[in-house]
1. When you look at MET120, is it modelled with pLDDT of 90 or more and within 22 Å of ILE161 (Cβ to Cβ), yes or no?
2. Between residues in the range 19-33 that are in contact (Cβ under 8 Å) with a residue 12 or more places away in the chain and residues that are not hydrophobic (A, V, I, L, M, F, W, C), which pairs lie under 6 Å by C-beta distance while being six or more apart or on different chains?
3. Mind telling me which of the residues VAL197, VAL221 ends up being modelled with pLDDT of 85 or more, closer than 30 Å to ASP9 by Cβ, of a type outside the set (Lys, Arg) and under 17 Å from the mean Cα position of the chain (by Cα)?
4. Can you tell which of ILE58, ILE46 is within 23 Å of SER189 (Cα to Cα) and of a type in the set (A, V, I, L, M)?
5. Return the only residue of ILE230, ILE156, ILE185 being surrounded by 14 or more Cβ atoms within 10 Å (Cβ to Cβ), modelled with pLDDT under 85 and over 30 Å from THR24 (Cα atoms).
6. Give the number of residues within the range 27-85 that are closer than 26 Å to CYS215 by Cα, surrounded by 17 or more Cβ atoms within 10 Å (Cβ to Cβ) and not basic (Lys, Arg).
7. What is the number of the single condition among (1) under 19 Å from THR193 (Cα atoms); (2) of a type in the set (S, T, N, Q); (3) touching a residue at least 60 places away in the same chain (Cβ under 8 Å) that ASN178 does not meet?
Amino acid sequence: MFLASFKTDLDILTIPPKIFFEPTFDNYIFVFECSYIIKGLINSLIIMGSVIALTIPISMLAAYSFTRFNVGGGQFQFYILTVRMFPPIAAIVPFFVVFRDLGLLDNLLSPIILNTLFNMPFTIWLLAGFIREIQQDLEEAAMIGGATRFEAFYEITLPLIAPALAVAAVFAAIFTWNEFLFAFILTRSEAITVTRVMAGFYTERGILWGPLSACATLCTVPMFILVLIIQKYIVRGLTFGAVR
């Protein structure tokens, strides 16, 4: 994909593929001349940031409730996870009708709400597994010392699950950034996302492979930067609880 973004259409379609070729920046120039690419990137960043800001705190508190207070008797958490298993295509028509009646079509709120809804079951399930690995005796000792339940959670549990929160945030960010169905059905021009922009390179004249590759390469940059920034937390989070 990265190499194709610097190739001409002739070089891209050459069989066998060319290893050595004269690079061109025409594809990137074409992409940046597209009036929607900057808006799509900004909208996707806003949606992703909003989904993380909503999903992680709510999921963290829900996961804590499931593990410490046994909410739902152990079954309710599984029922929530089934929402993630549910194919979004099966519910897109009711969602479209609801958001149309609310006047939220082509509005950033609609993808934010739906991405939060579909990301939350997975993050709850993920965080609950990490919280179970933390000994409840630590919190009880703090409460015996005079701390409230919230203070024990804030001072003891929250710092210990920080790597897990980073992992959950990365998964929520990737799922939201790559989401296409909701963006394709519920957005047009004002709330267009970067995945919706890439779909525009499928034209009646064929697929514009060069600009599509350039746009896809640009779209990987935010995720690449995000993972680089918090990679140490990801490694800690993925190995959390593996060794006692």
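1. yes
2. What qualifies is PHE21/LYS7; PHE21/ASP11; THR24/THR8; ASN27/SER5; ASN27/GLY210; ASN27/PRO211; PHE30/PRO211; VAL31/PRO211.
3. Step by step, each of VAL197, VAL221 is checked, and only VAL221 is modelled with pLDDT of 85 or more, closer than 30 Å to ASP9 by Cβ, of a type outside the set (Lys, Arg) and under 17 Å from the mean Cα position of the chain (by Cα).
4. Going through ILE58, ILE46 in turn, the sole match is ILE46.
5. Details: ILE156 fails: modelled with pLDDT under 85; ILE185 fails: modelled with pLDDT under 85.
Exactly one residue qualifies, and that residue is ILE230.
6. If we filter the range 27-85 for residues that are closer than 26 Å to CYS215 by Cα, which is where we start, we get 27-52.
This time we only want the ones that are surrounded by 17 or more Cβ atoms within 10 Å (Cβ to Cβ), so: 27-28, 31, 37, 39-41, 43-44, 47-48, 50-52.
Pick out the ones that are also not basic (Lys, Arg) and you get 27-28, 31, 37, 40-41, 43-44, 47-48, 50-52.
Of the residues in the range 27-85, 13 are closer than 26 Å to CYS215 by Cα, surrounded by 17 or more Cβ atoms within 10 Å (Cβ to Cβ) and not basic (Lys, Arg).
7. (3)
The values are calculated or read from the model by the stated rules, or taken from the named source; none is laboratory data. As the structure is a prediction and not an experimental result, all values here were calculated from the model. All Cβ positions, glycine included, derive from the backbone under ideal geometry; neighbour counts span all protein chains shown.
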